[in-house]
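Step one of this worksheet: look at the structure below.
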Amino acid sequence: MSNNYGSSPNERQRRAELVAGVLDRIYPQVKPTLDFINPFTLLVATLLSAQCTDKKVNAVTPELFSRASTPEAMAALGEKGILPIIVSLGLAPTKSRNLAALSQKLCREFAGEVPRTFAELESLPGVGHKTASVVMALAFGVPAFPVDTHIRRLAQRWGLSASADVKQIEADLKELFPPADWYRRHLQLIYFGREYCPARQHEAANCPICSLLL
């Protein structure tokens, strides 16, 4: 299947509308796959999900959140207290350090509250643009389009973006879909990439979207 990188803006828009139609048919309702109870626990769960499945994250967060569901409690738990709880996750030592450090910073600089701007969120240890986008959209209702590896692959595979740069892919997708749909599309694309359009051993002819874009 051609990536169709040379497609015109009109062709890209046509493809985006086709993609949206299929996604809405397959996933008429979507909900986040990470478990959380407040903006802080959403931030924690999203940070923990880096290079790790949501299922694994959800397996460890009940114990973590029962002991520390606020920045104050997480800071008190500290790196040494966090690590044994999340040790089964990838990059656990680094994530433990980041969780302890960001919790301390929230207490010290933000009165124990999760900030509501991208710049402030991205100033926290271990928090990149993707994590900030998830928190802004899901916790605070600010339109955002987090781009993960599934979305990057699909955007390129379907000719929705010609870029390999995550920030440019995000910008391209934001142009193609209305802001009110951004977070829903983000979730739909992740589900679709996992279930129908994997990176390897993918049969385009059997894919509900790739088969239409051949």
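The values are calculated or read from the model by the stated rules, or taken from the named source; none is laboratory data. Because the structure is predicted, anything quoted here is derived from the model rather than measured. For neighbour counting, all protein chains shown are included, and Cβ atoms are generated from backbone atoms with ideal geometry for every residue, glycine included. These area figures cover heavy atoms from the full protein model, side chains too; ligands, DNA and RNA do not enter into them. Shrake-Rupley method; radii C 1.70, N 1.55, O 1.52, S 1.80 Å.
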Exercise for the section: Filter segment 69-109 down to the residues that are more than 21 Å from K56 (Cα to Cα), small (G, A, S) and open to solvent by 10 Å² or more (accessible area, probe 1.4 Å), then identify the one that is farthest from the chain's Cα centre (by Cα). Expected result: A76
Exercise for the section: Select from segment 157-178 the residues that are acidic (D, E) and either buried (at least 17 other Cβ atoms within 10 Å of the Cβ) or touching a Pro at 6+ places or on another chain (Cβ under 9 Å) (or both) and write down the one among them that is farthest from G193 (Cα to Cα). Expected result: E175
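Okay, residues lined up against (1) without any contact (Cβ under 8 Å) to a residue 12 or more places away in the chain; (2) hydrophobic (A, V, I, L, M, F, W, C):
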residue: Q104; (1), (2): no, no
residue: R108; (1), (2): yes, no
residue: L121; (1), (2): no, yes
residue: A137; (1), (2): no, yes
residue: P143; (1), (2): no, no
residue: V147; (1), (2): no, yes
residue: I151; (1), (2): no, yes
residue: V166; (1), (2): no, yes
Completion exercise
When (1) within 21 Å of N10 (Cβ to Cβ); (2) open to solvent by 50 Å² or more (accessible area, probe 1.4 Å); (3) in contact with an Asp or Glu (Cβ under 8 Å, 6 or more places away or on another chain) are applied to H129, the one that fails is (1)
Exercise for the section: May I ask you to list pairs of residues, at least six apart or on different chains, whose Cβ atoms are under 9 Å apart, with the first in segment 194-214 being among the polar types (S, T, N, Q) and the second being open to solvent by less than 100 Å² (accessible area, probe 1.4 Å) and at pLDDT 95 or above? Expected result: N206/Y196
Practice task
Quickly run through segment 179-214 and pick out the residues that are under 14 Å from A20 (Cα atoms) and either among the basic types (K, R) or open to solvent by 60 Å² or more (accessible area, probe 1.4 Å) (or both).
Solution key: P179, A180, R184, R185, L212
Practice task
Pull up segment 132-156, narrow it to residues that are in a loop (DSSP other than H, G, I, E, B) and under 11 Å from the mean Cα position of the chain (by Cα), then point me to the one that is surrounded by the fewest Cβ atoms within 10 Å (Cβ to Cβ).
Solution key: D148
Practice task
Filter segment 27-36 down to the residues that are of a type outside the set (S, T, Y) and over 15 Å from M74 (Cα atoms), then identify the one that is least open to solvent (accessible area, probe 1.4 Å).
Solution key: L34
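Looking only at residues that are of a type in the set (A, V, I, L, M) and in a loop (DSSP other than H, G, I, E, B) in segment 37-68, which one is most open to solvent (accessible area, probe 1.4 Å)?
Per the stated criteria, the residue is I37.
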